[in-house]
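Below: the structure, in structure tokens.
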Amino acid sequence: SQKIEQNSEALNIQEGKTATLTCNYTNYSPAYLQWYRQDPGRGPVFLLLIRENEKEKRKERLKVTFDTTLKQSLFHITASQPADSATYLCALYAGNNRKLIWGLGTSLAVNP
Amino acid sequence: DTGVSQDPRHKITKRGQNVTFRCDPISEHNRLYWYRQTLGQGPEFLTYFQNEAQLEKSRLLSDRFSAERPKGSFSTLEIQRTEQGDSAMYLCASSPGLAGVGQFFGPGTRLTVL
């Protein structure tokens, strides 16, 4: 069956450290993979998109990698801050490129 | 505010009642999506519009759910004969349909069916 898996356990890190979140998928060949941030009671906020032919994408303190052989994307937040505490969702386009399939999200807590 | 807006933000209803939610996308976005999200889950795709055409509807969606996007602008999602299992956050998102651009979400409508 087709699945997207993210770290099920919450990630707790110290302020200033690098947070690394994992997104693994099976039985897909996505053209794009996206990362979103979601705060409690709010809709997701788009962060980064990476294409299948891109290995890495950066935006300020964020970095995303995409390994289509391993079927895995890693999401890094460098110099993390307490304000980075949120749930981070990965999503990928499936087949017809019209809809996103979502992971369950990983909760990140950055402690001061 | 030029983001995606949704109305109402909260809705409490009794089982069996009909409810309707509205979404106003970013004006230049031609794609509009509806999702449902429950606690601890990612958004679950419900339906998708390109302009006024409803191009895809989840097979998970029962006949009690219907969505429209007249004139390709705002959209409505109606749930008829609500059930307790319909309680969730209903999210609307829009996108310009350009490569490399993600979806922009509204704040959601939280539905509670008693």
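Any read-out appearing in this document is the output of simple, stated calculations on the displayed coordinates, not a laboratory observation. Only a predicted model underlies this, so the values are computations on that prediction, with no experimental measurement involved. All Cβ positions, glycine included, derive from the backbone under ideal geometry; neighbour counts span all protein chains shown.
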Nothing charged except the Cβ atoms of Lys and Arg (+1) and of Asp and Glu (-1): what's the magnitude of the dipole of chain A about its Cα centre? Round to the nearest 20 debye. 300
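Let's see if you can work this out: charge +1 on each Lys and Arg Cβ, -1 on each Asp and Glu Cβ, no other charges. What is the dipole magnitude of the stretch B:4-53 about its Cα centre, in debye to the nearest 20? Let's see the in-between values first.
Details: 7 positive and 5 negative charges, 78 e Å.
Taking the Cα centre of the stretch B:4-53 as origin, the dipole is about 380 debye.
Chain A: D in µm²/s via Stokes-Einstein (Kirkwood Rh, Cα pairs, 10 °C, 1.306 mPa s)? Could you put the intermediate results ahead of the total?
Details: Rh = 14.1 Å.
Rounded to a whole number, D works out at 113 µm²/s.
Loop-only check: which GluC sites (Glu not before Pro) in the stretch A:1-49 are DSSP coil with at most 15 other Cβ within 10 angstrom?
Working: sites: A:5, A:9, A:15; in loops: A:9, A:15.
Hits after loop and neighbour filter: A:9, A:15.
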Long-range amide H partners of residue B:56, meaning residues 5 or more apart or on another chain whose placed amide H is closer than 5 Å, are B:48
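With a 10 Å Cβ neighbour count serving as the proxy for reagent exposure, in which order, fewest first, do B:29, B:10 appear? Can you show the working numbers first?
Numbers: B:29 18, B:10 10.
So the ranking, lowest neighbour count to highest, is B:10, B:29.
Beta carbons within 10 angstrom, averaged per residue: use that to sort the peptides B:62-69, A:45-52, highest first.
Working: B:62-69: 15.1, A:45-52: 17.1.
Put in order of decreasing packing, that is A:45-52, B:62-69.
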In chain A, taking the dipole from +1 charges on Lys and Arg beta carbons and -1 charges on Asp and Glu beta carbons about the Cα centre, the listed residue (A:7, A:19, A:91) farthest towards the positive end is A:91
Kirkwood Rh, chain B, all Cα pairs: how many Å? 14.1
Between the stretch B:90-114 and the stretch A:74-92, what is the C-alpha centre distance in whole Å? 20
Taking +1 at the Cβ of each Lys and Arg and -1 at the Cβ of each Asp and Glu, which of B:34, B:50, B:87 sits farthest along the dipole of chain B towards its positive end, judged by Cα position relative to the Cα centre? B:87
Kindly state, to the nearest 0.05, the FRET efficiency for residue B:58 paired with residue B:84, given R0 = 22 Å and r defined as their beta-carbon distance. 0.65
I need the Debye-formula profile for the protein assembly as shown: one equal scatterer per C-alpha, no solvent, reported as log10 I(q)/I(0) at q = 0.14, 0.16, 0.18 1/Å, two decimals. -0.89, -1.13, -1.34
Pull up all non-local amide H partners of residue B:44: gap of 5 or more, or a different chain, and H-to-H distance under 5 Å with H placed in the peptide plane. B:36, B:37
